[in-house]
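Presented below is the structure to which this report refers.
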Amino acid sequence: MVNADERRLQVLRAIVADYVSTHEPVGSKAIVDRHNLGVSSATVRNDMAALEEEGYIAQPHTSAGRVPTDKGYRLFVDRLHEVKPLSSAERRAIQHFLDGTLDLDEVMRRSVRLLAQLTRQVAVVQYPTLTRSTVRHVEVVSITPARLMLVLITDTGRVDQRVVELGDVITEDATSRVRTVLNSTLVGRRLTEASALVAELPEEAPPDLRDTMLRVCTVLIESLVEHPEERLVLGGTANLTRNVTDFPGSLRKVMEALEEQVVVLKLLAASRDPSTVTVRIGEENEAEEMRSTSVVSIGYGSPGMILGGMGVVGPTRMDYAGTMASVRAVAAYVGEILAGR
């Protein structure tokens with residue numbers, strides 16, 4: 001026999017499911033007709049009255065039905081014992097869409113597009129944070145006898161190319177020695193640590209390489225120092241405009257807030273764990289402009305190394321279980337791709 005609390009939760013789940021799919025307030029008759037709860041209309045009405053009294057559902061003034069409140073969605077999400085797994089077809093689609101992506105920019109672009117398509121919401125992906133990256137390789141290539149190309153490659157797949165004007169000619173042998181020194185000093189080092197080591201290299205260089213090393217290191221430090229703007233990719237903003245009524249009077253504010261990188265970075269800041277999907281509903285969002293939205297986010301990376309966050313922003317009326325599953329699956333796959341580089 002289901003106890004009263006469990007039954008009320010079933011009624012709340014039914015209201016959330018119907019309201020998400022129909023966008024219409026849900027009445028007791030619809031719940032009895034559509035959901036096999038095994039109780040009478042009168043019992044459902046009593047349960048709805050109790051849920052309303054506790055603030056989990058509310059009655060829009062124009063309707064006899066009820067809609068979930070932020071508090072109701074929160075209870076619903078907290079009681080989602082397991083996120084429904086994606087079907088094997090959905091998993092294959094993710095793999096197919098992200099396979100064969102070469103550079104980091106392409107991985108980020110494809111991930112955000114995929115997430116927006118899967119969830120039909122606005123998708124946000126944060127570029128890997130450079131402070132956590134390590135140097136994988138430094139390539140030094142001679143373009144002309146007096147000009148070098150520096151290529152810095154990090155473990156997250158970021159590739160930074162810069163040209164060094166030497167002011168003097170350099171031999172192939174000297175170029176090779178510079179390459180050897182840079183790699184033996186920097187490979188495997190965190191970017192923050194690497195920039196301090198690079199600053200010391202010119203003083204340690206043999207006299208014939210000192211001037212070259214000074215010019216190379218000056219340019220290299222620019223690549224290593226954290227860029228102040230943490231880059232974000234957004235996709236699917238048009239999805240918000242599908243149901244303007246989900247954002248009464250505030251859609252323009254939401255769109256403007258999404259253009260503010262700082263606001264979005266704060267939304268993703270909570271998602272620091274790749275095993276846990278974070279859901280912020282309505283009023284739980286710090287930024288006032290985002291209080292008509294829900295944000296579903298997660299960290300991505302490899303075990304012990306979070307590279308960044310990703311997630312989706314949509315109305316509070318969203319398919320939470322499906323959205324959480326999609327966010328988790330795409331994050332796991334992006335983490336694998338970047339870890340495998």
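The values are calculated or read from the model by the stated rules, or taken from the named source; none is laboratory data. None of these values were measured; they are calculated from a predicted model. Because the Cβ atoms are built from the backbone with ideal geometry, glycine has one as well, and the counts that use them run over all protein chains shown. Please note that ligands, DNA and RNA were not included when accessible areas were found on the heavy atoms of the full protein model with its side chains. Shrake-Rupley method; radii C 1.70, N 1.55, O 1.52, S 1.80 Å.
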(request) Sticking to Cα atoms, compute the Rg of region 202-252 to one decimal and its Dmax as the biggest Cα-Cα distance, whole number, in Å. (result) 24.7, 71
(message) With angles folded into 0 to 90 degrees, how steeply does helix 41-53 sit against the dominant principal axis of the chain? Use alpha carbons for both and round to 10.
(response) 50
(message) Per residue, how large is the accessible surface of region 92-194? Use a 1.4 angstrom probe and give square angstrom.
(response) 46
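Quick one, what does Rg over Rh come out to for region 1-72 if you take C-alpha atoms and the Kirkwood Rh?
On the way: Rg = 11.0 Å, Rh = 11.9 Å.
That ratio is 0.92, to two decimals.
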(request) With only Lys, Arg, Asp and Glu charged, each at its Cβ (+1 for the first two, -1 for the last two), find how big the charge dipole of the chain is about the Cα centre; round to the nearest 20 debye. (result) 1180
(request) Show which lysines lie in cross-link reach of residue 29 when reach means a straight Cα distance below 25 angstrom and same-chain residues fewer than eight apart are skipped. (result) 71
(request) Could you run the Karplus curve 6.51 cos²θ - 1.76 cosθ + 1.60 with θ = phi - 60° over region 108-114 and give me ³J(HN,Hα) per residue in whole Hz, x for Gly and Pro? (result) 5, 4, 5, 4, 5, 5, 4
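Can you compute the helix-only [θ] at 222 nm over the chain? Use -39500 (n - 2.57) per DSSP H run of at least 4 residues, normalise by all residues, nearest 500 deg cm²/dmol. Intermediate values should be presented prior to the final figure.
Values: 12 runs with 160 residues, N = 341.
For the chain, the value works out to -15000 deg cm²/dmol.
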(request) Could you let me know the centre-to-centre spacing of region 40-107 and region 298-334, using Cα atoms, in angstrom? (result) 15
(request) Could you run the Karplus curve 6.51 cos²θ - 1.76 cosθ + 1.60 with θ = phi - 60° over region 204-209 and give me ³J(HN,Hα) per residue in whole Hz, x for Gly and Pro? (result) 8, 6, x, x, 5, 9
(request) Would you mind getting me the FRET efficiency between residue 92 and residue 22? Use the beta-carbon distance for r and R0 = 25 Å, nearest 0.05. (result) 0.25
(request) Tell me which residues come under 5 Å, amide H to amide H, from residue 231 once H is placed; ignore anything under 5 positions away on its chain. (result) 127
(request) Mind checking which of 206, 186, 148 is farthest towards the positive end of region 129-229's charge dipole, using Cβ charges of +1 (Lys, Arg) and -1 (Asp, Glu) about the Cα centre? (result) 186
(message) If I take the Cα coordinates of the chain and project them onto the principal axes, what are the three extents in Å, biggest first?
(response) 92, 38, 28
(message) Taking a cut-off of 21 Å, what percent of all Cα-Cα pairs in region 267-341 are separated by more than that?
(response) 26
(request) Taking 7 Å along the Cα-to-C-beta vector as the label spot, tell me the residue 149-residue 169 distance in nanometres, rounded to one decimal. (result) 2.2
(request) Could you tell me the distance between the Cα centroids of region 205-262 and region 141-161, to the nearest Å? (result) 21
